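Participant: My questions will all concern the structure given below.
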Amino acid sequence: FQYLKRHDQGYNLDTFCYEARSVEGSPAECLQQFLLHCGITDPSWSELRNFTWFLNVQLRDCEASVFCNPDFVQDTLQGF
């Protein structure tokens, strides 16, 4: 949710890193973001769960990758 919210607001996501247990927004706002970004017009709860699970795994792997660390890469892969 935090990544999607910042993406919609035009923030640079290259420098953002999720902090465990941090809470932002309301449950309704979170659901609205997922519905907006999941790519399915009328998704089931199962489809929303799969979307959020997959997105979470990808973002966790991205944060853990040295190649996505802005301190390591600096400006060589800007926007990648």
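Participant: Hey, any hits in the stretch 1-10 for a residue that's touching a Gly at 6+ places or on another chain (Cβ under 7 Å), modelled with pLDDT of 90 or more and in a loop (DSSP other than H, G, I, E, B)? Give the derivation first.
Facilitator: The first filter runs over the stretch 1-10 and keeps only residues touching a Gly at 6+ places or on another chain (Cβ under 7 Å), leaving 1, 5.
Right, trim to modelled with pLDDT of 90 or more and you get 1, 5.
Those still in the list that are in a loop (DSSP other than H, G, I, E, B) too: 1.
Looking through the stretch 1-10, at least one residue is touching a Gly at 6+ places or on another chain (Cβ under 7 Å), modelled with pLDDT of 90 or more and in a loop (DSSP other than H, G, I, E, B).
Participant: While we're on this one: What is the one condition in (1) at pLDDT below 90; (2) in a helix (DSSP H, G or I) that residue 36 does not satisfy?
Facilitator: All conditions are met except number (1).
Participant: Right, another one. Among (1) surrounded by 10 or more Cβ atoms within 10 Å (Cβ to Cβ); (2) modelled with pLDDT of 95 or more, there is one condition residue 28 misses while meeting the rest; what is its number?
Facilitator: (1)
The values are calculated or read from the model by the stated rules, or taken from the named source; none is laboratory data. These numbers were taken from a predicted model, which means no experiment stands behind them. Glycine also receives a Cβ, built like all others from the backbone with ideal geometry; neighbour counts cover every protein chain displayed.
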